[in-house]
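Comments concern the structure below.
The values are calculated or read from the model by the stated rules, or taken from the named source; none is laboratory data. None of the values given here were measured: they were computed from a predicted structure. We place every Cβ from the backbone using ideal geometry, glycine too, and count neighbours over all the protein chains shown. The protein model used for the area step is the full one, side chains on, heavy atoms only, and it has no ligands, DNA or RNA in it. Shrake-Rupley method; radii C 1.70, N 1.55, O 1.52, S 1.80 Å.
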Amino acid sequence: MDLAQVAPSVAADLEATEKPTRLAPEAIAGGDAPTLDMPAGPASTNEATLGYTPAELSSEQPTLDSPTELASDAPAGETLSPGEILGDRYRVRSRLGKGGMGEVWRAFDLKLRVDVALKSLRSELTADERALEALRSEVRLAREVVSPNACRVYDLEELEGQELVSMEYIDGTTLLDVIQSRGPLELSEAREIASQFLAGLEAVHEAGLVHRDMKPENVLLTRAGRVVVMDFGIAKSVAEGQGGLIAGTPAYMPPEQSMGQELDARADVFAAGVMLAEMTAPSGVSEFKNRQTIWKGIHQEAPEVPDTPWSGILTKAVSPNREDRYAGASVLARALEEIALRVEGAEELHPYPGLSAFTSDEAKYFFGRELEIESMWKKLRRPHLLGLIGPSGAGKSSFVRAGLLPVMPEGWRAIVTAPGNRPFQALAQSLAGELSDDSEALQQLLEFEDDAVAVEVATKWRQRHEQGLIVLDQFEELFTQNPTEVQEQFSELLARLALDADIHVLLSMRDDFLFHCSDQPALAPVFSELTPLRAPTGAALRRAVVQPALKCGYRFEDEALVEEILSEVEGERGALPMLAFACSRLWEKRDRDQGLLTREAYEAIGGVAGSLAHHAEATLERIGNDQIPVVRELFRNLVTSQGTRASRSRAELLSVFADRGSDEGAEEVLDTLIDARLLTSYDVPPAEAEESGQTRVEIVHESLLSNWPRLVKWRTQDAEGAQLRDELRQAAELWQKRDRPEDLLWTGTSFKEYELWRERYSGGLSA
């Protein structure tokens with residue numbers, strides 16, 4: 001939902017005739033979360049709102065799936081108008097709303113090519129240089145708040161004679177809308193939402209600010225699951241002091257705020273406690289009187305909070321005595337994690353996939369990528385040929401399958417495939433599942449290597465939906481497993497699918513293979529619309545580690561263990577798979593009675609760094625030393641000369657051992673490696689299977705290639721022969737595909753080079 005759709009706050013200013021000694025319950029009984037902005041003494045301070053709040057937006061409430069904006073016709077008296085270009089930088093799109101401090105507009109930043117929110121401030125707020133400098137100081141402070149969970153304030157600019165504050169534009173719905181429409185939230189969902197807005201609040205505090213108006217109306221939830229703290233309008237620097245002005249919403253004010261005293265982070269902790277009470281109150285807050293009851297109970301001398309498993313935490317958070325509250329937002333968040341309620345059937349759940357990528361079915365355990373998911377969908381709505389790049393181990397496949405696709409807008413349809421060594425067939429097979437009711441289209445898929453036919457079939461699929469998306473995951477396989485002419489032909493097809501079939505095409509690949517795209521003119525648009533995906537860090541990485549266990553009702557033994565785990569991978573490129581594998585092993589050894597992931601288990605698996613190698617070596621020990629040559633041969637045929645994984649049919653892989661009479665033993669070794677999750681196998685549907693077999697095998701993750709010392713040694717020793725082996729494989733496949741013509745056979749110098757290589761090469765060759 002666009003912000004323009006978010007229901008407005010019904011906040012109203014209250015008048016006060018004296019400075020209260022404490023906020024009395026009756027003071028909050030007169031309106032729905034009334035706001036208060038009054039001097040606590042003779043002097044009054046005028047403050048400008050730096051952020052934009054849902055209170056300034058329209059009252060329309062369309063569904064989340066159908067974003068709309070206010071009418072583009074600008075009413076008389078507005079400072080901006082749709083279509084206007086400001087300072088050669090911003091194209092004004094639509095008005096989002098109007099508040100006490102000015103108007104809020106949606107605009108497009110022509111330089112950064114992103115949507116922003118612009119607040120045009122009333123002229124009296126910047127009438128003199130002193131007021132303007134004070135506002136600039138506030139903007140500089142607010143720019144220090146950097147978190148995916150806090151609305152970014154970019155700058156204060158003078159354009160066309162107006163003072164404008166530029167900010168992040170966020171599509172979302174308010175937390176108040178969520179809890180009013182759905183009733184009390186389950187604790188697991190409430191904790192997930194709270195963990196994010198508390199992270200945003202912690203960023204505010206780390207910048208030296210106190211928010212001072214935390215409430216459900218000022219928290220937005222996006223489609224991607226990101227939770228964002230809004231409205232820095234009355235945030236003030238702790239260093240400057242807070243005395244002299246009472247600003248905020250009485251229902252969420254701690255006593256010291258209502259008395260105009262100086263504030264610190266604990267004032268926002270109090271407000272967060274009130275919000276948590278509203279989120280989880282058994283009575284719900286769909287009716288205003290229920291909100292009032294919660295507020296009044298909290299503001300009594302001895303606070304009363306809803307009777308939930310969080311009662312003790314909430315009582316501490318809303319204590320009238322600030323010294324008794326949690327010291328900060330992060331401390332409150334950690335306290336919520338301590339209350340982990342066991343989920344029914346948790347013993348059978350697997351929240352950590354280890355080295356395997358997350359699937360769409362595991363999206364509920366995928367955390368920490370909310371901001372990147374939002375950004376990707378914003379880009380997908382515009383250009384048609386995009387690139388998603390990241391280092392090996394950044395989690396690109398998980399991002400696509402468990403992050404991006406589960407929050408696909410209504411009316412979109414997506415298919416995901418990987419090129420492999422038969423890219424045309426792989427894409428055709430994916431479309432076959434979508435067009436199973438169209439016999440003509442299925443027949444055309446047999447000629448999919450003809451560009452015209454492929455575009456026609458893809459267009460039929462596209463026309464069934466409002467928008468179509470094709471994701472080519474592990475796109476580097478096009479370059480590592482296919483000859484040059486196939487690379488060129490398939491690249492041209494992708495470009496035509498984007499232009500002629502009106503399909504959004506997303507290429508997801510390792511960053512070190514991006515340059516290969518420059519060899520294909522058809523892929524040139526990718527370079528203008530690249531999205532880098534780095535491994536998550538900081539709070540996002542912590543969420544990725546902690547939240548899946550909490551989702552199942554388990555928690556880590558203590559915060560020190562979490563910090564130790566995160567510190568092991570800090571700054572390490574490609575460390576995410578190792579971390580995921582360690583967490584999966586830790587989950588296997590969890591304390592089921594206590595519901596804990598323990599330090600004892602962590603040490604037993606060898607920590608993050610040692611868990612993968614420890615597991616791989618233990619597997620070899622079970623297989624036995626006499627079968628290690630078989631293991632080496634299997635891995636040799638599952639890795640390309642460029643250090644990437646290769647998918648092979650099971651039959652082709654085992655054919656390496658056929659001429660040695662050891663294929664039966666090799667099959668047993670192969671199954672052991674699959675059972676140990678060092679290799680993975682998957683079935684191709686019979687109707688889509690190639691001649692060589694219906695089951696395919698590949699290394700579970702590329703991190704194994706660089707983090708298992710034994711395999712690193714094998715690859716180094718095999719480097720000389722790997723390149724020619726790959727060339728031979730590609731040539732043989734092309735020869736087979738073209739019905740074995742003589743002109744594709746290696747002769748002359750090529751054949752002599754092969755003979756010399758074969759004398760030195762100790763490995764076997766597949767059929």
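Among the residues of the range 615-638, is any buried (at least 17 other Cβ atoms within 10 Å of the Cβ), in a helix (DSSP H, G or I) and small (Gly, Ala, Ser)?
Yes, the range 615-638 contains a residue that is buried (at least 17 other Cβ atoms within 10 Å of the Cβ), in a helix (DSSP H, G or I) and small (Gly, Ala, Ser).
Of all residues in the range 416-440, how many are open to solvent by less than 20 Å² (accessible area, probe 1.4 Å) and in contact with a Phe, Trp or Tyr (Cβ under 8 Å, 6 or more places away or on another chain)?
7
Output the number of the condition that PRO303 fails; it satisfies all remaining conditions of (1) closer than 30 Å to TYR252 by Cα; (2) open to solvent by less than 40 Å² (accessible area, probe 1.4 Å); (3) in contact (Cβ under 8 Å) with a residue 40 or more places away in the chain.
(3)
If we keep just the residues of the range 325-340 that are farther than 20 Å from ILE294 by Cβ and of a type outside the set (Gly, Ala, Ser), which is most open to solvent (accessible area, probe 1.4 Å)?
GLU338
When you scan the range 377-476 for strands (runs of 3 or more DSSP E) that lie fully inside it, which ones turn up with 3 or more residues that are touching a Lys or Arg at 6+ places or on another chain (Cβ under 8 Å) and within 23 Å of THR644 (Cβ to Cβ)?
385-390
Please enumerate the residues belonging to the range 356-369 that are in a helix (DSSP H, G or I) and either modelled with pLDDT of 95 or more or closer than 23 Å to ALA582 by Cβ (or both).
Restricting attention to the range 356-369, the residues satisfying the condition of being in a helix (DSSP H, G or I) are 360-365.
Matches in the range 356-369: ASP361, GLU362, ALA363, LYS364, TYR365.
Kindly indicate whether any position in the range 249-262 is open to solvent by 20 Å² or more (accessible area, probe 1.4 Å) and of a type in the set (Val, Ile, Thr).
There is no residue in the range 249-262 that is open to solvent by 20 Å² or more (accessible area, probe 1.4 Å) and of a type in the set (Val, Ile, Thr).
What tally of residues in the range 341-355 results from selecting those that are open to solvent by 60 Å² or more (accessible area, probe 1.4 Å), part of a loop (DSSP other than H, G, I, E, B) and either of a type in the set (Asp, Glu) or free of Cβ contacts under 8 Å to residues at least 24 places away in the same chain (or both)?
1
When the range 122-140 is examined, which residues are found to be under 30 Å from LYS378 (Cα atoms) and either of a type in the set (Val, Ile, Thr) or surrounded by 22 or more Cβ atoms within 10 Å (Cβ to Cβ) (or both)?
The answer is GLU138, VAL139.
So SER681 clears everything in (1) at pLDDT below 75; (2) part of a strand (DSSP E or B) except one condition, right? Which one?
(1)
Which numbered condition in (1) open to solvent by 10 Å² or more (accessible area, probe 1.4 Å); (2) at pLDDT 85 or above; (3) not aromatic (Phe, Trp, Tyr) is the only one that ALA658 fails?
(2)
Can you tell me how many residues within the range 280-333 are acidic (Asp, Glu) and outside any loop (DSSP other than H, G, I, E, B)?
2
In the range 603-614, what residues are open to solvent by less than 10 Å² (accessible area, probe 1.4 Å), in a helix (DSSP H, G or I) and out of contact with any Phe, Trp or Tyr (no Cβ under 8 Å at 6 or more places or on another chain)?
GLY607, VAL608
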